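Here is the structure we will look at.
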Amino acid sequence: MLEIQVPEVLQKSEYLKLPPSERELYVREILRQTVRKNEHGVTIGLLAKRLPFDSRTIEKHLSILTFTNEIYAVKIGNTQLFLPNSIPLHPAKKQSFETENREYIAYVLQNRLGEFVFIQEKKKTEFTEEVGGGILIPLADFKGFVKFLDSFKKDINKFKISG
Amino acid sequence: MSAKKVTLKSGKSFDSPALFVNARTKKEAHLLKETINRYPINKDHDGLNQIDGIVVSAKDYHKVSPFLAKKKLKDFGEGHYSIDDRILIIDPSSYLPFMGTRQDKEAFCNTVAEWIPELQNIINQITVIESQKTKIEKYMSEIYPLLDVRVIQHFLEFQIENHADILICPSVPLSSLRMIKEQIQKMGEMNKQGGILLKTIFQKYKEPRDLMNLVALSPSVLRPEYFEDIKDALVQGKPDILGIRLMNLNEKNVAETKEFLRFLKSLVGTKIPIFVFNVREFGYVTFCHGSSVISMPIARSPYTTRIKGGEKPPREGNYYHPIGMIDYSYQKLYGKIRANNYRFPCHCEICDAFDSLLKVDKSYWNDFRKIHFLLVKNVETKEFRKTKVPLKVALKDKFGRSEKTGYVTFLDLN
């Protein structure tokens, strides 16, 4: 039986007392930390055994984390394995671009599917920042992606002049 | 001894050993700000440059906050160490439902009224119980369940949103030897929950903060057999700083005081910085046993004492004698310095400016003595930081010349 590492968690009776929005944040952060602690991947079944959340809650939050590209899923037979996605290859390969209330952070990262450029959005308020969406572009295709953005920018400029 | 610079996650720093002051009222916060601005550093005096932090109880925060401006005051120039450059700690004071004066309990209930609306009623019901034993049991059975993860979340949020530099996890006090196991257990649970919250839902907060686990304890409950349990409960949630709030220390009880210092020394093994809250000159002793920071109320006793016969305290508060290291009442000071033409026994900025007791108008006396207290404490802190001999030797010398000679015995624990 595979053992997974889990962070310290609140007892079920305690975490259920949190306000719903905070509870959501709490479950997602615990799952994020758990997937990060287990580089070789975790399954919903294993998580449900070790964490005080039911499997539907776990599934929901894992799909959100997959959508924001903080983790990724690999299907092996009937089992879906969730793996951490946010391991930058090198701290120097991390840069950010800030707007008034958002920050876009670009990392170069590696997972078992290859090397990628990962662009993650963070939404900021006076006190807080929350992870928004994120996209993964294969490192080999990144140059092409930049060219595509560049031509898109030119099209926007043309649209502005003509419009 | 050379001071050691400690930088917090918020970016602010302090030099250890450090002295923080408690601002309890609007007046005290105003005086603190006034003193910082009125006495900038010059070649003869140091203003309040050695006081690195301000501690405010959450129940007093709304009164004090107008004086803790967030914006830097430009009028004083770049090098000015303004009040908002100093470390701000907002203490949840969650020991108050269990111990403290009626007014303090009421103020605490008002602060948490939105989070625990039923608290005031419960406290009112328990207060009328006569048996102390039943009272403690009631407090624990009725109030402990209310201090759950939501309350911890609210308190941490309150501190973050009011720009505290160190977050204190609320917990219960250790006040009864009979119930100490249950109290330690609840304290450990709350500390653990605070640590988990900070690593999970509080990840959304942009600025990182240090977490302090604080135990409010009455030294009379400290027994060596509980040291390990208290230590374990204190380090739950992996705090960056440990804090001890002393309640009702009886310095005349040498055995009890030494037991407290042994406990403090036992915490040094955790290699986590230790802050000692709510002490006066005794706090200097704790520097020799492992504390890095002490916090002091401004020119008042840290402990509540009942005045016999319901007499009102005199309007003119006590004056801190810098050599005697003791507070003198106005009348006593008057008598003491009569032979010296009423000249103050002190050379701080404000005592130098007024020179004689007769020149201080009675209506200004309380402000005067508080400013004097702050300035003298600044000088004392500077002395400890700059002393060329070990701090223990410097303190032996200082206490030996003062009226606090009893403290010399606490400097060595053998």
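Every read-out reported here was derived from the displayed coordinates using simple, explicitly stated rules and does not represent laboratory data. Since we're looking at a predicted model, the values are computed, not measured. Glycine also receives a Cβ, built like all others from the backbone with ideal geometry; neighbour counts cover every protein chain displayed.
Below are the figures for this structure:
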item	result
Cα-based Kirkwood hydrodynamic radius, the stretch A:99-163, one decimal, Å	13.9 Å
Helical contribution to [θ] at 222 nm, DSSP H n ≥ 4, -39,500 (n - 2.57), averaged over the protein assembly as shown, rounded to 500	-12000 deg cm²/dmol
Value of D in µm² per second that Stokes-Einstein yields for the stretch A:1-85, Kirkwood Rh from Cα pairs, at 37 °C (0.692 mPa s)	253 µm²/s
Where labels lie 7 Å past Cα in the beta-carbon direction, separation of B:Asp397 and B:Lys26 in nm	4.5 nm
Alpha-carbon Rg/Rh ratio, for chain B, with Rh computed the Kirkwood way	0.95
Binned Cα-Cα distance frequencies in the stretch B:228-299 - 10 Å width, integer %	19, 55, 24, 2
Spin-label model distance (nm) - B:Thr134 vs A:Phe97, 7 Å beyond Cα toward Cβ	7.2 nm
For the stretch B:3-49, alpha-carbon Rg relative to the globular expectation (2.2 N^0.38 Å, N residues)	1.37
Counting all C-alpha pairs of the stretch B:161-230, share separated by more than 15 Å (%)	57 percent
Label-point separation, A:Lys75 to B:Ser363 (7 Å along Cα→Cβ), nm	8.5 nm
Calculated diffusion of chain A, Stokes-Einstein form, Kirkwood radius summed over Cα pairs, 4 °C and 1.567 mPa s, µm²/s	72 µm²/s
Nonlocal Lys pairs with alpha-carbon distance under 27 Å, the stretch A:99-163 (8 or more apart, or different chains)	14
Euclidean distance of C-alpha centroids, the stretch B:167-227 and the stretch B:16-46, integer Å	30 Å
Backbone N within the stretch A:119-139 under 19 Å of label point (7 Å from A:Lys147 Cα along the Cβ vector)	A:137-139
Debye intensity ratio I(q)/I(0), log10, the protein assembly as shown, q values 0.09, 0.13 Å⁻¹ (C-alpha model)	-0.81, -1.38
With eigenvalues of the C-alpha gyration tensor scaled by 5 and rooted, the stretch B:308-411, Å	27, 18, 13
Cβ neighbours within 10 Å from other chains - mean over A:4-15	4
